[in-house]
Every structure is written in C-alpha cells, then in structure tokens.
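Before any comments, here is the structure.
The values are calculated or read from the model by the stated rules, or taken from the named source; none is laboratory data. Values in this document were obtained by computation on a predicted structure and should not be read as measured data. With ideal geometry, Cβ positions are generated from the backbone for all residues, glycine too; neighbour counts draw on all protein chains shown.
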Amino acid sequence: MQILQKNISDRELELYFGPQHLGMVGNFSITLKVQGDRIVEATANPGYLHRGFEKLMEYRTWIQNFPLVCRINVVEPDHMEMVYSMAVEKLAKIEVPERAHYIRSIYLELARVGSHLFGLWAYANMLGFDTVAQWSMYHRDLVLDLFEELTGGRVYHIYIWPGGVRRDFPEGFKDKIIKTLHSIGGCVPDYDAAFFNNRLFYKRANGIAQISQQEAKKLGAAGQVLRATGVKFDIRKIEPYAAYDKVDFNIPVRENGDAYSRVWVIRDEMIESVHMIFKLLDKMPEGEVYNKIPNPFKWNIPKGETYARVESSRGELGLYMVSNGQDKPYRVHFRTPSYTHGLVILEKLLKNASIADVGNTMISLYIVAPEIDR
Amino acid sequence: MVKMNKLLKEQLESAFKGIRISIPEDTRMIIHAKKEQVLTILKFIQNKAYDHLALISCVDWIEEGEFELVYIMSSYLQGNNKYTGKEKVNITLKTRITRKNPEFVTVISVFENAEPYEREIHELFGINFKGHPRLTPLLLEREYEIPPFRKDFDTRKYVEQVFDTIPFVEDKKE
C-alpha cells in the first residue's frame, strides 16, 4: 500500500489499495480514506482492464464475435458464450436440438465447478490456507483437462454456438466426466476438515462484510451475495434455459449474509452442480448437437432487440442486444454481476470496516475485475 | 403469466397517457414513454414489486438524431421464496432524448444501484444526468472529443491518430 496524501490535522490518511496487494482480485483498485484502522470512505476504481468489447463487437460480424465474447470474463468464459448464443438465437429465431440443451447444461455446470474452485483458491489463499488453495487449484485443473478434451482449449473454449454446440462428446467422455467428478467429490470431507469446518475460517469470516436481505435487494445484488441472505434467487429456476427445467435441483441458501455464509453457499453450490451433472448425464438423449445456421459470412439478422439472462457462477448475467438488420450487432451491453457487487455494494460494505478486512470483503463478494470493465 | 402481463398493461395504460406497450414474448414487456414520465413510471413499476433494476443501457440512433435510454427491470422473489411466475417477467422501459441536447435526470432516488450505470453512460455517450452525485470518469483513461461509444466515433481513425500505424514487418527491415 502506498500513502498518497497525509492530513495531519484530522489524521485522515488516503491509502491506495491497488492491484499489487495480495488481497486484491485482479486488476482493480480501491482508494481508502482511513482514520487509524477504520475506513471512513472507499472509492472503487475500475478501468484497468477496459478493452471496449462492446464497441469492438459493433465492428465484427455475428460469428466473429464468438471468440471475442468469451474473453470478457477470464475466469468463466462459458456463461458469456451461452448468453450471447441465447441472444442471437432469440433474434434470429434459431431452434436448438434437445441433446445440445443437455450438453450445454453439463458444460455450464462444469464451468461453474471450475470457477468456484478458482474462487475458493483465491479466498483460501487470501486467508493463508495455502494447502486448501493448492488443492482447489489442482482440482480446477482436472476440470480444465475435461474442457481441453472436449473443445481443444483449456481456458477459452468457444464451444457454445448459435443452434447448438460445436461438437458432440467424444467417445468415453461421459465416463471421464464421472471419474473426474468422483475424484473431486471424494475430497469434500478433506476440504471440510481443513477449511470449511476450521475454527480459523469461522473466526476470520463470521460477521465480516455483513449485508441484510433488504439492503442487498435495494442495491441490486444477485448470485451468492443475495442467496447468502436467504433469497432463493436463481435464474436457472426462475427462467430456465438449456436443460435446467428437465432436472430437479436445490438452491443452497444461508441466512446471515456475511462472508462466512457466502463461502458456504459457494461450497454447497459446487456439490449441487456435481449432483446435477450426474442427473443430466443419466437423462441425456441421443441425436444431433446442432442445427444448421445460415452461411455465417452472409448472415443478416432481422431487426429487433432482446434481453437474455443466465445464472453465471457469480450471479445474474444479462445481455441487451440490438440488431438493425445488418450483419453486425448495432449495440451490445452486458449486465455483469460483478458490476453492482464491485461498484455499489463493495463501497457500502467497506465503510467502517477495518483495513485488514478489505481483501476478505472483496473476495467474498466474488468480484472479477474484467467483468466490471468489459 | 400472460394474465399478469395483461393486468399490468391495463394498469399502466390507465395511469399514464401517451405510453406505448408491447409484449413481444411471454416473459418480456416493453414500455415506450416520454422522457418526463420516466421517473414516475419507474416508481410505479417498483411499487408493483418489480424492484430489481438489472441494467441501464443506451443506444445511439444516429440517423434519427436521438439517444435511447433503456431500463431493464425484473422482480426479486416475494415472500417466502416461492416461485409465482412473476419473477420471470422482464420489463423494459425505453425513452428517447435528442442528440443535440443530451440531458436527462438521474434515477438514483428510485433505484440506488443506478449510480455506476449512469456514470458509465455519461462517460461513454456523453449524456449528462442532472442530480447525479459524481459524474467522474469511471473506465477511460484519456480525454475524448467525441464520447467513444457514440456511433460517429471512428475507432480505427482514433487508433491511427493516437498510436500511429504499425509498420509492416517487411518495411521495418529496410
């Protein structure tokens, strides 16, 4: 941390809590006004990763945007692909075959598990639980191996396509998913013993960055931040997409609304996702995985506008898209969950917190910087 | 759900004059309103339990000389976590302002999380939101003559001006 300005009279210091700090999530910074150890005011400064994706997409054809759209969120590109595909399908009125719906759901749930493991890595690392952090990073890598076999890419997959998915499961892939998930699921007792039931984690996270249900709703929260306050708000249940209406699943909630509850919601969600993948694999029908789309080089989508939304692993991810009948989108605007969490809720929660809790607050709110900047 | 939409449509049409409502999908409702009506309509919709502002967006319709502001709202779960079908519905409120005089009022008094969205639109489209507490730069680093997300801003030309053209590898060898 770097001291920018010192006001001796009222002893208020301005601290720059920037990307170099260990407790910081990616390229993001907060300017803190502190009195002693107490934060008087916090100002979030995004913009380190602003690449202007929404403007760039206006210059590219509908199909050229697929490799772009997944790069908006580095940690979980798959939900970005899904929401863009959904919006294109809605505008161009493309049907998706049944099997592709199931594959999409399985793929998105795998992405959720991978993303949550990454989040757990960040959180455990920040608290000093290095062993747990290494475990979760290893297990995330196992999920990435699955993605690599399915799509050819480890991080960016470009797999979901308008009209379905790019290719079917390779031979024996189903068994590989089951094997990998069993080996991850088999370690849940270890995770519980080392981290989730650990007294240190409880002491460090309980009551930190607490937000009430009423306030969370008022500030436009979604995802774990809202579910940790007891609201079962999940787009997968509310407005089912892909094959989420075909399987039965629970939405884990907690009541307290603090960092402890949020991390527990993330853990329960991971387990629920694994169960859901098994259920989906059992039910998966045979058949085609994509419907033919028009020639993508001469693809004009009729005039119109739409709003599509999915439940990404961080909350409600939406896309407002306008077409004016050309081969390129006229306007694209993403509603990313970290935007409200990182710019509105974070500033509110940091007021009157102590400096030691800044990292805890940030990571437990599950903020990803590239999602804010776009 | 269709019934619910119809009911809300009738209520809105009787309460506000001169608005146009269309229902393109079962789960979507689009309201076109005049700019003076926006605040009262937002309050009205919020009181009807559509209390979750998901997004504020802006579209630059350059040929018509207008900016279109888009407010997308949906409903949080009401009561004890039971799904009623109401939360499925997205309400989109649209209003237009002239490009020559890009000014509008802030809606922070109704939805508190509108603050960063309006700040972003101010920066990227140059729309001035009256009553907004801090219209300071959010994402961008440089000053721009034309706000960069407007349609008359040419990205390619700007890049050439600021960063110069990158020479081809063959030319470099000379």
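So here's what we get for this one:
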| quantity | calculated |
| --- | --- |
| Residue count for the stretch A:291-302, restricted to those that are modelled with pLDDT of 85 or more and within 30 Å of the chain's Cα centre (by Cα) | 1 |
| Qualifying position, being β-branched (V, I, T) and loosely packed, with under 14 Cβ neighbours inside 10 Å, among A:T131, A:T180, A:T151 | A:T131 |
| The stretch B:105-122 residues that are closer than 18 Å to B:T136 by Cβ and without any contact (Cβ under 8 Å) to a residue 24 or more places away in the chain, paired with ones that are crowded, with 22+ Cβ neighbours inside 10 Å and of a type in the set (S, T, N, Q) (beta carbon under 8 Å, 6 or more apart) | B:P116/A:T340 |
| Residue within the stretch A:322-335 that is of a type in the set (D, E), touching an Asp or Glu at 6+ places or on another chain (Cβ under 9 Å) and modelled with pLDDT under 90 present | no |
| A:E272 touching a residue at least 24 places away in the same chain (Cβ under 8 Å) and of a type in the set (D, E) | no |
| Test: residue in the stretch A:334-349 that is within 13 Å of chain B (Cβ to nearest Cβ), closer than 27 Å to B:S74 by Cα, polar (S, T, N, Q) and in a loop (DSSP other than H, G, I, E, B) | yes |
| Residue within the stretch A:51-58 that is of a type in the set (F, W, Y), part of a loop (DSSP other than H, G, I, E, B) and modelled with pLDDT of 80 or more present | no |
| Residue under evaluation A:L142, criteria (1) under 30 Å from A:R199 (Cβ atoms); (2) crowded, with 21+ Cβ neighbours inside 10 Å, criterion not met | (2) |
| Matching entry among A:R267, A:R335, A:R262 (being in contact with a helix residue (DSSP H, G or I) (Cβ under 8 Å, 6 or more places away or on another chain), at negative phi, crowded, with 24+ Cβ neighbours inside 10 Å and not aliphatic (A, V, I, L, M)) | A:R262 |
| Candidate set from the stretch A:277-303 (those that are in contact with a Gly (Cβ under 8 Å, 6 or more places away or on another chain) and of a type in the set (K, R)); member that is surrounded by the most Cβ atoms within 10 Å (Cβ to Cβ) | A:K303 |
| Looking only at the stretch A:282-326, and only at residues there that are assigned to a loop (DSSP other than H, G, I, E, B) and among the basic types (K, R), the one that is farthest from the other protein chains (Cβ to nearest Cβ) | A:K292 |
| Leading residue by the ranking (farthest from B:K151 (Cα to Cα)) among those in the stretch A:24-71 that are of a type in the set (S, T, Y) and within 14 Å of chain B (Cβ to nearest Cβ) | A:T31 |
| The stretch B:1-56: number of residues that are in a loop (DSSP other than H, G, I, E, B) and farther than 18 Å from B:S75 by Cα | 5 |
| Test for B:L139: is it among the aliphatic types (A, V, I, L, M), within 9 Å of chain A (Cβ to nearest Cβ) and outside any loop (DSSP other than H, G, I, E, B) | no |
| Pair list, Cβ under 9 Å, 6 or more apart: the stretch A:238-263 residue touching a residue at least 60 places away in the same chain (Cβ under 8 Å), other residue among the charged types (D, E, K, R) and in a loop (DSSP other than H, G, I, E, B) | A:R262/A:R254 |
| Close pairs (9 angstrom Cβ cut-off, 6 or more residues apart or separate chains): closer than 21 Å to B:D60 by Cβ and more than 11 Å from every other protein chain (Cβ to nearest Cβ) in the stretch B:152-165, at pLDDT 80 or above and not in a helix (DSSP H, G or I) anywhere | B:D152/B:D60; B:D152/B:I62; B:D152/B:I146 |
| Contacts under 6 angstrom Cβ, first residue in the stretch A:64-84 being assigned to a loop (DSSP other than H, G, I, E, B), partner surrounded by fewer than 23 Cβ atoms within 10 Å (Cβ to Cβ) and aromatic (F, W, Y), 6 or more apart | A:C70/A:Y156; A:I72/A:F53; A:V75/A:F118 |
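Yes/no per residue for (1) more than 18 Å from B:E66 (Cβ to Cβ); (2) exposed (fewer than 12 other Cβ atoms within 10 Å of the Cβ); (3) in contact with a strand residue (DSSP E or B) (Cβ under 7 Å, 6 or more places away or on another chain):
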site: B:Y117; (1), (2), (3): yes, no, yes
site: B:N128; (1), (2), (3): no, no, yes
site: B:P133; (1), (2), (3): yes, yes, no
site: B:T155; (1), (2), (3): yes, no, no
site: B:D164; (1), (2), (3): yes, yes, no
site: B:F168; (1), (2), (3): yes, yes, no
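Condition check ((1) surrounded by 17 or more Cβ atoms within 10 Å (Cβ to Cβ); (2) within 8 Å of chain B (Cβ to nearest Cβ); (3) within 16 Å of A:R112 (Cα to Cα)) across all residues:
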| position | (1), (2), (3) |
| --- | --- |
| A:I211 | yes, no, no |
| A:Q214 | no, no, no |
| A:A221 | yes, no, no |
| A:A228 | yes, no, no |
| A:V231 | yes, yes, no |
| A:R236 | yes, no, yes |
| A:E239 | yes, yes, no |
| A:Y244 | yes, no, yes |
| A:I251 | yes, no, yes |
